[in-house]
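Quick notes on the structure that follows.
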Amino acid sequence: MELIVLGCSGSAPSPDSPSSGYILRSGDSLLVIDLGNATLSPLQRWADPYDIDALFLTHLHPDHCADFAPLDVYRRFHPDQPYDPKQRRLPVYAPPEVPSRLAALYAPSSEQREHTDLSDIFDFRSPPVDPVRIGAFEIRAVPVDHLCPTWGLRIEAEGRVFAFTGDTGTCDGIGKLAAGADVLLSEASWLDSPDQPTGMHLSGKQAGKAASDAGVGRLLLTHYSPWTDQKALAREAAEAYDGPVKVVQAGDTHQI
């Protein structure tokens, strides 16, 4: 199982990275997790967008879903489509309001919004709180603690376990999705401080503690803000977790 980082910048793209987006690959099976600002560009370097088996949107903040609109354009209007996307709709697992929210993102006016229905080429589905099988993967979604409905993911393939926190503050959901995982990809938006708000994001220290509590094999830090000190973030995590820690970069590949 291979993780490819399309983008890892939290809240907004940075000079060096798009916003959040990841490919998870196992054999011929291909998942995309989140599709934030500017992630469709690197996605095309790594895979054909028509080869995606399913798209998972952990929540509907723009830095996790904004490039859904250009993905729609790509799948709808490409002149050399390998198949009819209306006959082979792409499964999209996302929060319940996703059809209307993404239609509003796509439509350029309120008049056109009334006639915009993206379900002709996308199959919108709720986050899989009960495990689903997609190709080589078994995926389960776990609710986490953010400003809007948000799910983390626990994904198994090839006898390995990959966990992704999504955007979250400290919560029991992290332990459920990450327990015993080989790799935890954890958001770490800022440095630890008592002044940081709760129920929003993790610090490096909190991500490290979550990894330690869950007994994960390796910790990858992502979704750090463009202004966050990455070295300090890694040091914080390492103070709370004695396993391998890495701050991911756009374009990274990681074997799970």
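A few remarks follow.
- Å² of accessible area per residue within the chain, as computed with a 1.4 Å probe and no ligands counted: 43
- With 5 Å bins from 0: P(r) over region 1-84, alpha-carbon pairs, percent: 3, 16, 27, 26, 17, 9, 2, 0
- Stokes-Einstein D (µm²/s) once Rh is taken as the Kirkwood radius of the chain over alpha-carbon pairs, at 37 °C in 0.692 mPa s: 180
- Between region 149-172 and region 200-256, the Cα center-to-center distance that results, in Å: 14
- The lysine pair count for the chain, using Cα distances under 30 Å and pairs eight or more places apart or on different chains, is 9.
- Label sites at E111 and C148, each approximated as a point 7 angstrom past Cα along Cα to Cβ, lie 2.7 nm apart.
- Where both bridge residues fall in the chain, DSSP classifies roughly 60% of the beta bridges as antiparallel.
- Accessible carbon and sulfur surface of the chain relative to its total accessible area, %, 1.4 Å: 47
The values are calculated or read from the model by the stated rules, or taken from the named source; none is laboratory data. A quick note: this is a predicted structure, and the numbers were derived from the prediction, not measured. Because the Cβ atoms are built from the backbone with ideal geometry, glycine has one as well, and the counts that use them run over all protein chains shown. These area figures cover heavy atoms from the full protein model, side chains too; ligands, DNA and RNA do not enter into them. Shrake-Rupley method; radii C 1.70, N 1.55, O 1.52, S 1.80 Å.
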